[in-house]
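Novice: Pasting a structure below so you can have a look.
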Amino acid sequence: MRFGGGSLDGPKQRRPPTVVEQLLLWSDSDADASPPIVAPANEPPPALQLQPMDDSPPQLITSGLIAVTLNESARRVRGVLATRPDIKPAAFAGRTRLYTSAAVARVRHELNAIDAKRCRREEMQ
């Protein structure tokens, strides 16, 4: 048994040469021949290329901006967001939760429902 040079898994697998290595080998070996045709390494196959849906980035806002938009207190908006498990943030910026316009509409609906329920209680008393 040799120390330091052998492998228990068998012969070492060689990786395919990169595009740069192929071009260097081509330039050293035959200057008159055309370069080898190599597919770009970082590009996915044409069938898997994703097309951008829209040029504009999504508009995400914080709970504070939701409160300003709805002209409500930030405490009420945060309370609705904390107690409704189906209203989830779309993204995070650090620890800040960011919400979509659908979440804003849902918060508006929930606040209106809370106010309507409160008004019905006051009318019944």
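Novice: Tell me which residues, restricted to the stretch 61-113, are without any contact (Cβ under 8 Å) to a residue 40 or more places away in the chain, assigned to a strand (DSSP E or B) and not basic (Lys, Arg).
Specialist: The initial filter retains those residues of the stretch 61-113 that are without any contact (Cβ under 8 Å) to a residue 40 or more places away in the chain, namely 62-65, 67-69, 71-99, 102-103, 105-106, 108-110, 112-113.
Retained after the next criterion (residues that are assigned to a strand (DSSP E or B)): 91-93, 96-99.
Selection gives Ala91, Phe92, Ala93, Thr96, Leu98, Tyr99.
Novice: Is it fair to say Met53 is under 20 Å from the mean Cα position of the chain (by Cα), assigned to a loop (DSSP other than H, G, I, E, B) and at pLDDT below 65?
Specialist: Details: under 20 Å from the mean Cα position of the chain (by Cα): yes; assigned to a loop (DSSP other than H, G, I, E, B): yes; at pLDDT below 65: yes.
Spelling it out, Met53 is indeed under 20 Å from the mean Cα position of the chain (by Cα), assigned to a loop (DSSP other than H, G, I, E, B) and at pLDDT below 65.
The values are calculated or read from the model by the stated rules, or taken from the named source; none is laboratory data. Remember, it's a predicted structure, so these values are computed and weren't measured experimentally. Here Cβ is always computed from backbone atoms with ideal geometry, including for glycine, and neighbour counts include all displayed protein chains.
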